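S.K.: Supplied in structure tokens, the structure appears directly below.
Just so it is clear, none of the values below were taken in a lab; they were calculated from the coordinates. If you're wondering where the values come from, they're calculated on a predicted model, not measured in any experiment. Cβ coordinates were reconstructed from backbone atoms using ideal geometry, including for glycine residues, and neighbour counts include every protein chain displayed.
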């Protein structure tokens, strides 16, 4: 781990140092667990009271924080605690684990594939015929790139990632371990005699924009005949399922285990909470948000927040839930009055 | 991409050509995005109006469609638009991406394993002792087949698929990337003194029928002492979880992220929507359907459609939801009458 | 398959043999499917009636079971049917499928990695710089251990498992196929100008206690700056998502497809049903249980059972559900009385 002084850290984040500038900081830790050689962070007044009990040597705090560091300690006031924390974490980040530059001798790169300058192709990788790997790409071990897939400059593909044939990744895309890009869409039709399911060929591909990040184990199906698309700067968490023909806008956030059925369209900047499901062909407008675990059955206008199963606009859903809760409570209260001897222990079996 | 004339396509799908038979078609695309050298499809009268605005050269339409192709264009009337589309997509499908015939030099095939004629075993594959790979099988890169597993004729296993020991796949099974067949069932019992969980050995296997397709990242656990079974022709989407001892019938459809707990039994032709969960030991009768995101806590009779959490028969669930919605609306309306000055802005906090 | 006499099995499980002690038993099977050379098990009086119709040669039964084995058959009375079944399954378990001892020639082990005695490193494995693999570890094919990760003694990592840099596994940890340990946490902040998401570096790691078992396809994200921790003896099923900074206690059970958002804390012995989702920073006390498919939005006190979406204490949730069901039924009954001609067939469209 590298070491920086509190002054060096304040300079790097462009913050205002209060207290000692010469403290040696060797890492970042939480308010309760940090020791004297660690920097912590305090986002709001609610947590400020814990500072005096903390053992941390220094803390990033918000700009208007008016408490003092105390003897032998330091505070660094910054505009945005979280962004400054990101900068500090970068300072302390160990060098990334990466395969050596070049092509590992155990990797199998088809002679018709093209490799950009300064690529690192790890042990056991497979790069198929006519695939293209851009410059500065890092493929960790056992990455598999099928025929004619294109990986843009500066991408990092973690171990076990599979990119199917003809899929296209933009620049600086990060794909986490064991994710699958371009699996067949799930399309079948009953045979005329109903005896079996006929597979609809899935001859499209997946097109992923620049600066996208895709979580571990996430699966993105190829389009039926055109592309499933993921817009620039979108971030997708682990174990999400993106079905065929989806069109995801730019700078969207999809939390863990989200599932999009076929042909869903998300505008730019849409945020979906964990385990959200969206029915096929639904359109969600730019900037809309959907609460965790919701089931989206209707189009959502731009900018709105929806929640519930089935999802509704947030204020409607909250009002309905509150009305229902009061109604059930009032029924229960009246029932108790009518039966003064009713034991609360029987409530579960005798609710009215 | 190959090129076909509209007449050739009409002949191949057995449809009736209206208009130009000599148009050169080079692919399939959507009604709004297709150009003059592309075929599109129109399933119903609702979308027929868009035909005149579309740039597509030709379209598959339903048999009784009564509109005209217009100058220099073509319509192909067919019995089943979707099945005909499947045929056309097959015509335009690029050759599949496949490892070369034979065993790639980097693959590791145990000397006691048996390989059928005309197999393709890709880079980095592992085939364990006494495993059997049927004729015409394709194993993409990094597929791992544990000891004594059996892969039937004509199967395709995509990159990163794992088939655990003694599992059996029928003929023409397709398994998508990074799926896992035969992982241990999740079975534990508290130790007598409560100090830890004792693992129940999972010594069974998985038996998969002919023509099954299994999605990317899906996991199917082996039986405790017998088989977890997947019936012939069943199709399972990505990231599904099938627990130990499940018995899935023939021609079922399981959409993305479905989870079946242990010992669930599905009859033939059951259809489960995305993110459905089914509790352990539940039985779902043949031909039953379950709406997306439902939680099934009770057995479902054959042929019925259920939905909700907990799932109920569809008409019951819809009726209850409608009754509840009207009830809550009427409470709200009455509350507004009683408090004429109540601002709707307070509705969220003061719903009654 | 090995063969044991009923007496040998009774001795091994410490049970009391009733009936024939010399029957040859060649395996375990269900009550309905077992033949004369198979042992089955009967947990309670409800299933005892099926014994006379079963073809099984012998059965494990509970201690006070008072029915007779019948001619030529045997019963073995035991304290805990399930634990005894575990013992018997172990007796009949085929030898485990494992790569040969030593390092497979196709594996790539960095010269700076350290390997304990008696390891089995399978085909195509990758072990990175300064990684440590404890004694008696088994790495099946294509396992990938990044730089400086530590795998404790006696661990088994199935095919395709990825352990990212600096993660630490305790002793006797089992990780099933294609699981991912230590993927980046999902942390972003909007850039000051809102033009993009800034990634918060995820420089922590994952620390897993002894005797933990992790299901196929499950993903566990590394901490932002400290560790995501999984306590000793905890069992996690397939396709679960554990986000960054989670702290999971000892001996917890997480069923399939559970999702924990960031910084969730579970006490010891917590049990989460399938598809449960838990919001970020939630604390669930020791011994608490959460029903399948619940969405946890509030802290749960130790020892309580919660369910529903949003989850509530079980008796509250059940009482509310029962009250609501009765209310909706009474509305329907009254509506029918008021409109005597109303056909039930219209119920769906005319619910009131």
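S.K.: What nm value, rounded to one decimal, do you get for the distance between residue A:302 and residue B:55 when each label is placed 7 Å out toward the C-beta?
M.R.: 2.4
S.K.: At residue B:70, with labels set 7 Å past Cα in the Cβ direction, how many nm apart are the copies from this one, shortest first?
M.R.: Values, ascending and in nm: 7.6, 7.6.
S.K.: Here's another thing I want to ask about it. Can I get the semi-axes of chain B's equivalent ellipsoid? Compute them from the C-alpha gyration tensor as square roots of 5 times the eigenvalues, in angstrom, largest first.
M.R.: With the √(5λ) rule applied to chain B, the semi-axes are 41, 40, 17 Å.
S.K.: Right, next: Could you work out how much longer the chain between residue C:195 and residue C:110 gets when fully extended? Use 0.36 nm per residue separation minus the Cα distance between them, nm to one decimal.
M.R.: 26.4 nm
S.K.: Modelled label-to-label distance, residue A:336 and residue C:33, 7 Å Cα→beta-carbon offset: nm?
M.R.: 5.2
S.K.: At residue A:90, with labels set 7 Å past Cα in the Cβ direction, how many nm apart are the copies from this one, shortest first?
M.R.: Going from nearest to farthest copy, the values are 5.4, 5.4 nm.
S.K.: Still on this structure, I have one more. Please find the FRET efficiency linking residue B:64 to residue B:3, where r is the Cβ-Cβ separation and R0 is fixed at 25 Å, and quote it to the nearest 0.05. Display every interim value, and only then the final one.
M.R.: Values: r = 30 Å, r/R0 = 1.19.
Working from the Cβ atoms, E equals 0.25.
S.K.: A further question follows. Taking the number of other C-beta atoms within 10 Å as the exposure measure, put B:1, B:307 in order starting with the fewest.
M.R.: Sorted ascending by nearby Cβ count, the order is B:1, B:307.
S.K.: Once you keep just the Cα pairs under 8 angstrom separated by 6 or more residues, what percentage relative contact order results for the range A:31-81?
M.R.: 36
S.K.: Taking the number of other C-beta atoms within 10 Å as the exposure measure, put C:299, B:268 in order starting with the fewest.
M.R.: Ordered by Cβ neighbours within 10 Å, fewest first: C:299, B:268.
S.K.: Within 10 Å of each Cβ in peptide B:143-149, how many partner chain Cβ atoms are there on average? Round it to a whole number, please. Walk me through the numbers on the way to the answer.
M.R.: On the way: counts 4, 11, 2, 9, 6, 2, 1.
Across B:143-149, the average partner-chain Cβ count within 10 Å equals 5.
S.K.: Inside 10 Å of the C-beta atoms of A:320-326, what's the mean count of C-beta atoms belonging to other chains?
M.R.: 6
S.K.: Just from the alpha-carbon atoms, what are the Rg and Dmax of the protein assembly as shown in angstroms?
M.R.: Taking only Cα atoms of the protein assembly as shown, I get Rg and Dmax of 30.1, 89 Å.
S.K.: Calculate how large, on average over all directions, the projected area of the Cα convex hull of the range C:58-168 is; give the answer in nm² to one decimal.
M.R.: Mean orientational projected area (the range C:58-168, Cα hull): 9.3 nm².
S.K.: Okay, next question. Can you give the helix-only mean residue ellipticity at 222 nm for chain C, where every DSSP H stretch with n ≥ 4 adds -39500 (n - 2.57) and the sum goes over all residues, rounded to the nearest 500 deg cm²/dmol?
M.R.: Theoretical 222 nm ellipticity from helices: -4500 deg cm²/dmol.
S.K.: Hey, fewest Cβ within 10 Å first, where do C:211, C:82 land in order?
M.R.: Details: C:211 21, C:82 16.
Least crowded to most crowded, the residues run C:82, C:211.
S.K.: Ok, one more. Using the Kirkwood radius built from alpha carbon pairs, what does the Stokes-Einstein equation give as D for the range B:102-312 at 20 °C and 1.002 mPa s, in µm² per second?
M.R.: Stokes-Einstein gives a translational diffusion coefficient of 124 µm²/s.
S.K.: Just want to confirm a number: the relative contact order over the range A:96-235, from Cα pairs under 8 angstrom separated by 6+ residues, in percent.
M.R.: Rounded, it is 16 percent for the range A:96-235.
S.K.: Using a label position 7 Å from Cα in the Cα→Cβ direction, what is the ascending list of nm distances from residue A:337 to the same site in the other copies?
M.R.: Ordered by distance, the counterparts are at 2.1, 2.2 nm.
S.K.: Which whole-number percentage describes the relative contact order of chain B, with Cα contacts under 8 Å and a sequence gap of 6 or more?
M.R.: Normalised by residue count, the contact order of chain B is 6 percent.
S.K.: While we're on this one: From the convex hull of the Cα coordinates of the range C:126-223, what is the mean projected area in square nanometres?
M.R.: 6.4
S.K.: A follow-up question, please. I'd like the mean, over residues of B:171-177, of how many other protein chain beta carbons sit within 10 Å of each residue's own Cβ.
M.R.: Taking the mean over all residues of the peptide, I get 4.
S.K.: If you don't mind, another one. Please state, as a whole number in µm²/s, the translational diffusion coefficient that the Stokes-Einstein equation yields for the range A:234-339 at 20 °C and 1.002 mPa s, with Rh defined as the Kirkwood radius across alpha carbon pairs. Walk me through the numbers before you get to the answer.
M.R.: Numbers: Rh = 14.5 Å.
Translational D for this selection: 148 µm²/s.
S.K.: Then there's this: Over the range C:179-240, what portion of Cα pair distances is larger than 18 Å, expressed as a whole percent?
M.R.: Details: 839 of 1891 pairs.
The proportion of pairs with Cα distances above 18 Å equals 44 percent.
S.K.: Determine the principal axes of the Cα atoms in the range B:4-92, then give the extent along each, sorted from largest to smallest and rounded to whole angstroms.
M.R.: For the range B:4-92, the Cα spread along each principal axis is 27, 24, 20 Å.
S.K.: Further question on the same structure: By what distance, in whole Å, do the Cα atoms of the range B:213-280 stretch along each of the three principal axes, largest value first?
M.R.: That gives 28, 20, 20 Å along the principal axes, largest extent first.
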